[in-house]
Structure formats: C-alpha cells, structure tokens
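Asker: Take this structure, written in structure tokens, and hold onto it; I'll ask about it next.
The values are calculated or read from the model by the stated rules, or taken from the named source; none is laboratory data. Since the model is a prediction, treat every value here as computed from it, not as a measurement. Note that each Cβ is placed from the backbone with ideal geometry, even for glycine, and that neighbours are counted across all protein chains shown. The accessibility values were calculated without ligands, DNA or RNA, using every heavy atom of the protein model including side chains. Shrake-Rupley method; radii C 1.70, N 1.55, O 1.52, S 1.80 Å.
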Amino acid sequence: MPMNRIQFQPGLSLPRFTAQFGTEALCEAELERLRWPEGFRCPKCDHPQAYILHVGAHKTFQCQACRTQTSLIAGTLFQSTHLALTIWFLAIYLVSQAKTGLSALALKRLLGVSYPTAWLIQHKLMQAMTERDSAYTLCGDVQVDDVYLGGELAGGKPGRGSENKVPFVAAVSLSPEGHPLYTKMAAVPGFTRKAIAAWARRDLAPGCEVTSDGLACFAGVTDAECTHHVIVVGTRKPKDLPAFSWVNTLLGNLKSSFGGAYHSFDFEKYRARYLGTFAYRFNRRFHLETIHSRLLLAATTTGPRPARWLRLAEEAC
C-alpha cells in the first residue's frame with residue numbers, strides 16, 4: 001500500500017520547536033517580527049523609532065516622536081495575559097499539531113496550568129482559527145450536506161426534531177480531478193431556503209456548482225448566484241453515492257475527532273468555534289510543518305478576545 005503523503009508529513013518535532021521558541025526572548029523576537037515585519041511603527045503617528053522599556057512582564061515600545069507606549073502584546077490575542085509567551089507558543093504548537101483536536105483538560109495537563117486557564121487559551125486559539133477562515137469562500141465544484149450534531153434526550157423528541165440536536169451545513173470544494181480542496185462548516189438556524197441562501201452568500205463564491213441531496217432547502221444556493229445540482233439519495237447507503245463521498249468522509253472524520261477529543265462540551269453554545277477549528281486544520285492538512293506559524297500569525301492579528309467576550313459571543317448570534 002502506498003504511503004499517504006498527508007499522514008506521513010514530517011511536521012515540526014518537539015525538539016525543533018523548543019530550539020526555535022524555548023525561551024521568552026525567542027518568543028518575543030518572533031512576535032515582534034510578526035507584528036512589524038518591516039520594523040516598528042507607532043500605532044498613533046507611524047513613527048519608526050522607539051525606546052525599549054522593560055516595565056512589566058513583556059517588552060514595551062515608547063515612540064520617540066509622540067511618546068505613545070505600546071506593549072508587545074497589545075492588540076493581539078495575548079493582550080492582558082499574565083502567562084509567559086513560552087506557554088502561549090507551546091499551546092499554539094500543541095493545538096495546531098493535534099490532528100483530531102485537543103481538549104482543555106488535556107491542554108491543562110500538558111501546559112501545567114489550571115483548567116479555567118487552559119479553557120481560555122483553547123477558546124482564544126479556536127476563535128483565531130475560526131476568524132481566519134471566515135474570510136475565505138469555497139469556489140468551483142462543491143458538495144454539501146445537512147448535518148445534525150448531538151443525540152436525542154431521554155424523553156425528548158426523536159429524529160430531526162430532538163431538542164439536543166444542532167443543525168449545521170458541511171461543504172467541501174473539489175479540484176477538477178475530484179480531490180477535496182477546502183471545507184466550510186457552519187451552524188444554521190434551520191434547514192430552510194432562507195437560511196441556506198444566507199449561508200451560501202457568506203461561504204460560497206458566486207458561480208459555484210453545488211451538488212446536494214434532495215433536501216428542498218438547498219435550492220436556496222441559487223439565490224446566491226450558484227448553480228444547484230440535485231442527486232436524490234433515497235434509501236441508498238453512503239457507499240453507493242460516490243457524488244457525496246468526500247463530504248461523507250469529512251463528516252466521519254469530524255465525528256471521530258469530536259468523539260475522541262471532547263467527552264463533554266457545550267457544542268450548542270460554541271458550535272461555530274468547534275466547527276471552525278476542525279475546518280482550519282483540514283484546510284491546512286498539507287502544511288503540518290508550518291501550521292503552528294500560521295496559527296501564531298492568526299493569534300497576532302486577530303485582536304484581543306477576553307474571556308467575557310468569548311463566553312457571550314455565541315449567545316449574541
């Protein structure tokens with residue numbers, strides 16, 4: 001059997017990671033490089049020269065022109081943190097390298113921090129992953145499927161009407177050769193034409209060739225200037241439906257990932273974050289050696305996401 005080139009990627013070994021980011025000075029230098037690739041610029045007056053102050057745990061820059069002080073971590077995902085950057089960088093490495101996901105409890109043990117701290121780190125990084133992919137849209141040939149996550153409650157409604165099931169749409173774009181390229185997964189308020197049209201306008205590029213089963217709501221993609229092809233599934237099993245092979249494979253991986261990594265989590269409240277994290281890893285599956293750098297850049301450019309905001313963001317949607 002030939003080697004799977006995705007599974008046998010070298011990745012970034014822990015000794016190599018430690019050599020690159022094993023000290024606070026190394027982490028600060030990398031964060032500074034990512035924030036200002038062409039050298040420091042004052043966020044207020046754009047002056048390129050600054051004095052370096054060491055008044056706290058992290059380096060602070062004072063503009064030589066307007067005297068504005070800017071912390072190295074200000075305006076990033078790390079803003080206001082009391083943790084060392086080495087802890088954050090290690091968390092980024094662990095979360096990005098975990099193909100099937102990493103629970104907050106596992107992260108707590110690996111980082112040597114409290115569970116609330118590990119949960120906060122995990123959700124900040126998950127939010128950065130989700131926001132990073134939200135700007136991209138799928139194009140070309142796209143397979144879509146309707147999915148529910150969650151089981152039935154004892155004494156509750158069975159099937160699609162269960163109070164514990166959360167609806168979401170899974171979509172995967174294909175290359176001209178029929179290989180999977182990128183995925184988007186998004187929670188929807190329900191499987192209605194209006195909800196699907198809103199999702200398609202957000203996550204699909206106009207002109208997509210969308211293939212779905214016979215669920216009527218998917219006709220809503222035409223409202224987003226996409227073409228819609230219907231293949232009625234009926235009683236056929238997934239193995240008898242090659243037109244949906246990749247989206248079915250993706251969903252199987254998603255459920256295996258959630259089942260293996262998370263044994264208790266509030267999917268209904270934080271669904272966008274969990275789905276976005278899975279999609280982020282899948283979309284960068286060919287870049288295991290650099291995925292930690294990509295996530296670090298996302299954390300640097302995402303902006304502050306305090307605990308209160310993280311806990312309320314989903315409720316406001």
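Asker: How large is ³J(HN,Hα), in whole Hz, for each residue of region 284-301 in order, when computed from phi with the Karplus curve 6.51 cos²θ - 1.76 cosθ + 1.60 and θ = phi - 60°, using x for Gly and Pro?
Answerer: Once rounded to whole Hz, the list reads 10, 5, 8, 10, 4, 6, 10, 5, 5, 5, 5, 5, 4, 4, 4, 5, 6, 9.
Asker: Could I ask something else about it? How much length is gained if the chain between residue 241 and residue 136 is pulled fully straight, taking 0.36 nm per residue apart and subtracting their Cα-Cα distance, in nm to one decimal?
Answerer: 35.0 nm
Asker: Now, a different point. What residue among 190, 39, 11 shows peak mean-square fluctuation when the chain is described by a Gaussian network model with Cα springs under 10 Å?
Answerer: For the chain, modelled as a Gaussian network with Cα springs under 10 Å, the answer is 39.
Asker: Any idea which of 241, 197, 221 is furthest toward the positive side of the dipole for region 187-251, if Lys and Arg beta-carbons carry +1 and Asp and Glu beta-carbons -1?
Answerer: The one lying farthest along the dipole's positive direction is 241.
Asker: Additional query: Scan around residue 204 for amide H atoms under 5 Å from its own, H built in the peptide plane at 1.01 Å from N, and keep only partners 5 or more places away or cross-chain.
Answerer: 138
Asker: Amide H neighbours of residue 182 under 5 Å, counting only residues 5+ apart in sequence or on other chains, H built in-plane at 1.01 Å?
Answerer: Under 5 Å from the amide H of residue 182 lie the amide H atoms of 173, each far enough along the sequence or on another chain.
Asker: Relative contact order of region 175-260: what whole-number percent is it, with Cα pairs under 8 angstrom and at least 6 residues apart?
Answerer: 22 percent.
Asker: Convert each backbone phi in region 31-44 into a coupling constant with the Karplus relation 6.51 cos²θ - 1.76 cosθ + 1.60 (shift: θ = phi - 60°), then list the ³J(HN,Hα) values in order as whole Hz, x for Gly and Pro.
Answerer: Per residue, the Karplus-derived 3J(HN,Hα) values read 5, 5, 5, 6, 5, 10, x, 10, x, 4, 9, 4, x, 9 Hz.
Asker: Under the Karplus relation 6.51 cos²θ - 1.76 cosθ + 1.60, θ = phi - 60°, what is the ordered set of whole-Hz ³J(HN,Hα) values for region 242-248, x standing for Gly and Pro?
Answerer: Values, residue by residue: x, 5, 10, 4, 6, 5, 5 Hz.
Asker: Read through the labelled values (i) 47; (ii) 38; (iii) 53 and report the label of the one computed as percent of Cα pairs over 28 Å apart from the structure.
Answerer: (i)
Asker: About the Cα centre of the chain, how large is the charge dipole given +1 on each Lys and Arg Cβ and -1 on each Asp and Glu Cβ? Please answer in debye to the nearest 20.
Answerer: Here the chain has a charge dipole of around 580 debye.
Asker: Taking the chain as a Gaussian network, Cα atoms linked when under 10 Å apart, which of 52, 73, 121 shows the biggest mean-square fluctuation?
Answerer: Greatest mean-square fluctuation among the candidates belongs to 52.
Asker: I would also like to ask the following. Considering only the chain, what is the antiparallel percent among its DSSP beta bridges, to the nearest 5?
Answerer: 75 percent
Asker: Ranked by accessible surface with a 1.4 Å probe, highest first, in what order do 286, 218, 40 come?
Answerer: 286, 40, 218
Asker: Can you list residues from other chains, or at least 5 along the same chain, whose modelled amide H is less than 5 Å from the amide H of residue 233?
Answerer: 214
Asker: Mind giving me the nanometre distance, one decimal, between the label points for residue 193 and residue 26, set 7 Å out from Cα along Cα→Cβ?
Answerer: 5.9 nm
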